[in-house]
Amino acid sequence: MAFCKVRDILQMGVRDNAAVYAFDAAGLEQIWAVIKGAEKANKPVIVMQYPAAPLVKMYPFEYFAATVKALAEQVSIPVGLHLDHCSDFDMIVDAIRCGFTSVMADGSTLPFEENVKFTSEVVRVAKIFDVDVEGELGHVGVASKTEDYVAAEDGVNVGEGGISADKLYTTAEDAKRFTELVDVASLAVAFGSAHGVYKVTPKLSISRLSEINAVTETPLVLHGGSGIPEDQLVEAFSHGINKFNVGTEFGMLTNELKKESFEKAGRGAEMYVRDGLTDYIAKKVSLCNIKL
Ligand code: 13P
């Protein structure tokens with residue numbers, strides 16, 4: 001199977017009423033762990049790059065894309081490559097030029113009509129290169145951040161206790177209109193999750209998710225995956241979520257393993273980190289019910 005279009009992996013999710021796990025990775029050891037860990041569990045997986053300036057400087061798009069493609073060719077599971085949250089049109093085009101086959105056009109902070117306009121423009125260009133586009137409607141904010149890991153949308157802090165306020169949730173009416181107007185491969189929706197470390201246990205609104213799922217055929221994406229209890233994930237995955245994004249806890253575990261590795265593994269430090277992360281991924285994707 002190896003390197004795959006994200007749309008094909010999403011269709012496996014639609015077929016099996018299940019969600020594929022997608023991880024933000026920032027370098028070789030994390031990319032390796034995502035792909036080899038998913039292979040251990042025999043599940044499809046999506047590797048995402050979050051386009052924060054320092055990360056892209058350290059690991060430019062073309063290196064990231066080439067690394068994912070090279071490692072994907074070594075495994076038999078489907079592996080997708082995706083650019084996470086990006087609201088910069090030129091940067092998205094640059095990622096496509098560098099080999100990304102799926103991108104997120106994040107217009108979620110824009111008014112509805114402007115979000116439609118921005119995402120449509122990305123879709124127009126992406127189609128020329130046969131690239132998939134994920135849109136976002138409603139707004140998945142930031143729960144909090146820790147010293148070790150700055151969450152995806154640093155600076156957009158929403159909701160008491162870090163949980164998105166109801167006014168930020170996606171409505172079924174908007175989701176229907178948006179997916180009729182814009183040909184996105186998937187849509188990130190807000191129904192109670194937030195990026196970063198939750199200050200209180202989140203409570204997903206499965207009723208809101210069901211309403212959205214009833215009015216659109218577009219695969220839905222759950223962002224802010226770190227720290228959501230498993231029973232809520234099982235519910236979300238059976239009510240239309242076909243892609244599940246995880247970043248913060250993977251980043252935090254990487255930092256912990258790096259600290260430990262100096263004491264425990266000496267010269268084998270990199271291996272220690274890579275193996276610890278691979279075990280985490282293999283366990284983490286166990287709730288993915290896609291059958292290969
Ligand atoms: P977390 O960092 O909260 O796991 O969210 C990741 C995410 O949604 C990336 O798009």
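What the table shows:
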| item | result |
| --- | --- |
| Mean shadow area of the chain, taken as a quarter of the surface of its Cα convex hull (nm²) | 13.8 |
| Where only C-alpha atoms are counted, convex hull volume of the range 1-143 per residue in Å³ | 122 |
| GNM result for the chain, Cα springs below 10 Å: residue of M48, M58, M12 fluctuating most strongly | M58 |
| Average silhouette area of the range 35-98, convex hull of alpha-carbon atoms, in square nanometres | 4.4 |
| Cα-centred dipole magnitude for the chain, charges only on beta-carbon of K, R (+1) and D, E (-1), debye, nearest 20 | 660 |
| Probe 1.4 Å - accessible area at E211, Å² to nearest ten | 90 |
| Mean separation of Cα contacts under 8 Å, 6 or more apart, over the residue count of the chain: relative contact order % | 23 |
| Degrees between helix 248-265 axis and first principal axis of the chain (Cα, 0 to 90, nearest 10) | 0 |
| Neighbour-limited loop hits for GluC sites (Glu not before Pro), the range 1-75 (at most 12 other Cβ within 10 Å; DSSP other than H, G, I, E, B) | E73 |
| Fully extended contour minus Cα-Cα distance, from V200 to D90, at 0.36 nm per residue | 35.9 nm |
| Point-to-point label distance, E114-L287, nm (Cα→Cβ direction, 7 Å offset) | 3.4 |
| Among beta bridges that DSSP assigns inside the chain, antiparallel share in %, nearest 5 | 0 |
| Within a Gaussian network of the chain (alpha carbon springs, distance under 10 Å), most fluctuating of F250, F262, F61 | F262 |
| Mean projection area, nm², convex hull over Cα of the range 222-285 | 4.5 |
| Candidates P78, P60, P219, ranked by Gaussian network fluctuation over the chain, Cα under 10 Å, top entry | P60 |
| As computed over the range 196-246, the Cα convex hull volume per residue (Å³) | 68 |
| Surrounding net charge for A18, when Lys and Arg each add one and Asp and Glu each subtract one, Cβ distance under 11 Å | +3 |
| Alpha-carbon spread of the range 171-290, three principal axes, descending order, Å | 56, 31, 22 |
| Unit charges at the beta carbon, dipole of the chain: most positive-side option, A70, T201, H239 | A70 |
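The values are calculated or read from the model by the stated rules, or taken from the named source; none is laboratory data. All values reported here derive from a predicted model rather than from experimental measurement. Cβ atoms come from the backbone with ideal geometry, glycine included; neighbour counts cover every protein chain shown. We work out accessible area using only protein heavy atoms, side chains counted, and drop any ligands, DNA or RNA first. Shrake-Rupley method; radii C 1.70, N 1.55, O 1.52, S 1.80 Å.
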